[in-house]
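All remarks here apply to the structure that follows.
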Amino acid sequence: MRFIADIEIHSKYARAVSPQMVLENLASWADKKGIQVLGTGDFTHPLWFKDIKEKLEPAEPGLYRLKNSDYKMRFVLSGEISCVYTKNGRGRRVHHLVYAPSIEVAEKINTQLGWLGNLKSDGRPIIGLDSKELLKILLNASPESVLIPAHVWTPWFGVFGSKSGFNSLGECFDELEPQIFAIETGLSSDPPMNWRIPFLDKKAIMSSSDSHSLHRLGREASIFNTEMSYRGIMDALKTRGPEFEGTIEFFPEEGKYHYDGHLACGVRLTPEETKKNKGLCPSCGRPVTVGVAARIDELAALDRPAGFRPGWAKTYHSFVPFDEIIAEALGVGVQSRAVWKEYEAAVKNLGSELNLMINVSESDLKSNLPPAVAEGVLRMRQGKVRIEPGYDGEYGKIKIFDDAERESLASQKSLF
Ligand SMILES: [Zn+2]
Ligand SMILES: [Zn+2]
């Protein structure tokens, strides 16, 4: 079966997350978005885990559904741990996604981690624990537990981040490195950027949304064509065969750490400019936050320039969230009522958001959507978008239309 999975999200119990992120809303939004398998997020948090145990029931092996509901989506037990420790003489802060094949295994993991840190403090707990020790705890609880390094290039918390990361997975996990079979790209990098890194050649390059609010679910996700089960998903990532079809990705420039710079100083630098400035901010003179593009350049193989494509490359769809496309097409803010009116109508007529963004034919888009919105989706599919790249924690800004184009598309509508 072909399905879309978004297996990193956060619950209302994690810092800076919308109070709307509760199981009932997640289930209904997953269906609306076209996500068949959603991570629960935060299973290490005692209150969230209590919700999970009370409100979900087993469905396919290793997957759960909301009790007393007819939602089609399934949950997989997921969490994220922030490991803070020192290794090889440097302070490390690394985020890892963790997965459990059952409630019982999640319970074991929670018990172990509860001895080491305060799981109540945050849905994504900070624990003074070496990444390798975390992996050992997971595998001890069950050989089917999985650790996937999260948003691996993010400067502050990625396993390869410029601020406190490592130069390879081997440096982080030592002899346990082969147990790591997948990495998450994060919003600021896409598969082509990761293809340049030789030590990722045998790893699945997966994506998920890291969503903190309902409307952002599925902004990045992974596409599978396999058995709907925990093992189906994890085996597909492990083998990287056709069962793992590919990913849905932000344009990496949209991410918060694509380029370098200082947000406070309003200084955004390309990797070349950072080099020219010897890593310092031309405004305040302090070291800039080195983003993902520069960090990948640093670790990429010399014979893998930008554009290098290995034989095993998976397909990926570059994505602009549909609400942002509508906002661009209408020339209004993304939060405005008009955007959500169009969104609901489109999803009702054309199926889920991800279906209409990826699969629906050009003619069906044109006959069901306002002209500018249909044109926006088509331009996104062709990669015809302009983006001011994100830097130092600020999202990139997408431009699909200029004002004149928007007006001419709007007048097409009145001709109808
Ligand atoms: Zn994280
Ligand atoms: Zn500065």
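Tabulated values for the structure
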| read-out | value |
| --- | --- |
| Check: the chain dipole with +1 on Lys, Arg Cβ and -1 on Asp, Glu Cβ, in debye | 500 debye |
| Approximate spin-label separation Lys72-Glu171, in nm, with each point projected 7 Å along Cα-to-Cβ | 4.5 nm |
| Residues listed by number, the stretch 92-131, amide nitrogen under 12 Å from Thr86 label point at 7 Å toward C-beta | 92 |
| Nearest-20 debye value, the stretch 245-359 charge dipole, Cβ charges on Lys, Arg, Asp, Glu | 360 debye |
| Shape call, the chain: gyration tensor on alpha carbons, a/c limit 1.5 | oblate |
| Formal net charge of residues neighbouring Ala204 (Cβ-Cβ distance under 10 Å; K, R +1; D, E -1) | +4 |
| HN-Hα J in Hz across the stretch 192-201 - Karplus 6.51, -1.76, 1.60, θ = phi - 60°, x for Gly and Pro | x, 5, 6, 5, 7, 9, x, 6, 9, 4 |
| Solvent-accessible area per residue for the chain (1.4 angstrom probe, square angstrom) | 42 Å² |
| Contour excess over end-to-end distance, with Cα ends at Leu302 and Asp364 and 0.36 nm allotted per residue | 17.8 nm |
| The stretch 109-233 shape via C-alpha gyration tensor axes, a/c threshold 1.5 | rounded |
| Cα-projected label distance for Ala313 with Cys265, points at 7 Å along beta-carbon direction, nm | 3.5 nm |
| Local net charge near Leu56, Cβ-Cβ under 9 Å (Lys/Arg +1, Asp/Glu -1) | +1 |
| Accessible carbon and sulfur surface of the chain relative to its total accessible area, %, 1.4 Å | 51 percent |
| Those aspartates and glutamates that a straight Cα-Cα span of less than 18 Å connects to Lys399, excepting residues fewer than 8 apart in one chain | Glu249, Glu253, Glu254, Asp323, Glu324, Glu328, Glu375, Glu388, Glu407 |
| Interchain or long-range residues, amide H under 5 Å from Gly246's placed H | Ile223 |
| Lysines with Cα under 17 Å of Lys238, excluding same-chain neighbours fewer than 8 positions away | Lys202, Lys203, Lys314 |
| Segment Glu104-Leu280, extension gain: residue separation times 0.36 nm, minus the distance between their alpha carbons | 58.4 nm |
| Label-point separation, Arg93 to Glu54 (7 Å along Cα→Cβ), nm | 3.4 nm |
| The stretch 321-415 - charge dipole about Cα centre, Lys and Arg +1 at Cβ, Asp and Glu -1, debye rounded to 20 | 240 debye |
| Three-way shape label, the stretch 270-352, alpha-carbon gyration tensor, a/c 1.5 | oblate |
| Förster radius 45 Å - calculated FRET efficiency between Lys399 and Ser28, Cβ distance, rounded to 0.05 | 0.90 |
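The values are calculated or read from the model by the stated rules, or taken from the named source; none is laboratory data. As the structure is a computational prediction, the values presented were derived from the model and not from experiment. No Cβ is skipped: glycine too gets one built from the backbone with ideal geometry, and neighbour counts run over all protein chains shown. These area figures cover heavy atoms from the full protein model, side chains too; ligands, DNA and RNA do not enter into them. Shrake-Rupley method; radii C 1.70, N 1.55, O 1.52, S 1.80 Å.
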